[in-house]
Every structure is written in C-alpha cells, then in structure tokens.
1. Scan region 53-72 for residues that are in a helix (DSSP H, G or I) and surrounded by 13 or more Cβ atoms within 10 Å (Cβ to Cβ) and jot them down.
2. What tally of residues in region 71-111 results from selecting those that are of a type in the set (A, V, I, L, M) and in contact with a strand residue (DSSP E or B) (Cβ under 7 Å, 6 or more places away or on another chain)?
3. Evaluate region 40-52: report whether one residue or more is at pLDDT below 95, in a loop (DSSP other than H, G, I, E, B), under 18 Å from Ser122 (Cα atoms) and of a type in the set (Val, Ile, Thr).
4. Hey, His75 hits all of (1) within 11 Å of the chain's Cα centre (by Cα); (2) assigned to a loop (DSSP other than H, G, I, E, B) but one; which does it fall short on?
5. I need the full set of residues from region 78-128 which are touching a Pro at 6+ places or on another chain (Cβ under 6 Å), not in a loop (DSSP other than H, G, I, E, B) and not small (Gly, Ala, Ser), in order please.
6. Out of region 11-39, which residues are polar (S, T, N, Q) and either under 11 Å from the mean Cα position of the chain (by Cα) or not in a helix (DSSP H, G or I) (or both)?
7. Which pairs turn up if I take residues in region 82-93 that are closer than 21 Å to Ser8 by Cα and look for partners that are in a loop (DSSP other than H, G, I, E, B) and charged (D, E, K, R) with beta carbon separation below 8 Å, at least 6 apart in sequence or on another chain?
Amino acid sequence: MASDRLISVVDDDASARTAIAALLRTCGFASSLFATADDFLAALDSITTACLIADMQMPGMSGLDLHRRVIASGHRFPTILVTAYPDEASRQAARDAGVQAYLTKPITAETLIACIAAALASSDRNVT
C-alpha cells in the first residue's frame with residue numbers, strides 16, 4: 001500500500017514514534033514525527049498531513065485535545081488516537097469529536113495499516 005501522502009505521528013514515547021515510522025516506511029508512507037502536540041501544532045501550516053496518529057495520553061496536551069485544536073484551526077484530516085489506558089468515557093469523547101479510530105496499545109501492524117487505509121479512504125470521500 002504505497003502512498004505519497006504524509007502521515008504525522010505525535011507521541012511522547014520515542015520508541016513508539018520510531019516503531020510507527022518504521023511500519024509506515026515499510027508500507028510506502030512518508031511520515032513526520034513529533035514528540036509533543038505543541039511541536040505538531042507549530043508545524044501544522046508548513047506540512048500537508050493526510051492523517052494524524054496521536055497518543056491519547058501525553059504531557060501537556062492529550063491526543064484528543066490536539067485533534068480538537070486541529071479541527072478548530074480549520075484543518076480537516078482524519079485522526080487516529082492510540083492509548084495504553086483505554087476507557088469508555090474517552091472512547092466516547094473521541095467518537096463525539098469525530099476521531100476516525102481509537103486503538104488500544106499494543107497495536108498490531110495490520111490493525112494500524114487497516115485504520116490508516118480506512119481513514120485515507122474516508123478523507124478521499126469527503127473531499128469536495
């Protein structure tokens with residue numbers, strides 16, 4: 001599944017960022033990696049993100065709060081949230097905010113790639 005579309009990854013865990021980037025590279029995706037939500041927001045207008053993968057629990061700003069800030073800034077691309085500490089309240093809040101997927105760590109490569117494919121397909125359908 002090769003693509004020239006950029007997948008942005010925001011996770012405070014360097015090993016998680018690196019692992020996701022390696023998987024994306026293997027599947028032909030370009031990626032841009034960020035250690036914090038603030039780093040991503042600072043770069044938001046200078047990159048063309050097709051999909052955002054963000055950790056739910058990060059110091060400073062959560063992945064869900066990041067998604068909300070992206071939407072509030074007028075950007076429209078799918079968000080996939082990942083968490084090691086899932087709970088139904090945060091899953092529902094993510095759904096209500098329009099998050100494409102809410103995944104529990106550890107995530108299999110197949111699950112993540114399937115979610116990215118669905119997110120990109122959904123994004124393609126919403127382009128007017």
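1. First, pick out the residues of region 53-72 that are in a helix (DSSP H, G or I): 63-72.
Residues satisfying the conditions are Gly63, Leu64, Asp65, Leu66, His67, Arg68, Arg69, Val70, Ile71.
2. The initial filter retains those residues of region 71-111 that are of a type in the set (A, V, I, L, M), namely 71-72, 80-82, 84, 89, 93-94, 97, 99, 101, 103, 107, 109.
Now narrow it down to the ones that are in contact with a strand residue (DSSP E or B) (Cβ under 7 Å, 6 or more places away or on another chain): 80-82, 94, 99, 101, 103, 107.
Counting residues in region 71-111 that are of a type in the set (A, V, I, L, M) and in contact with a strand residue (DSSP E or B) (Cβ under 7 Å, 6 or more places away or on another chain) gives 8.
3. yes
4. All conditions pass for His75, except number (1).
5. Selection gives Thr104 alone.
6. Looking only at region 11-39, we keep the residues that are polar (S, T, N, Q), and these are 15, 18, 26, 31-32, 36.
Selection gives Ser31, Ser32, Thr36.
7. Val82/Asp11; Val82/Lys105; Thr83/Lys105; Ala84/Lys105
The values are calculated or read from the model by the stated rules, or taken from the named source; none is laboratory data. Small disclaimer: the values here were computed from a predicted structure and weren't measured. All Cβ positions, even for glycine, are placed from backbone atoms using ideal geometry, and neighbour counts span all protein chains on display.
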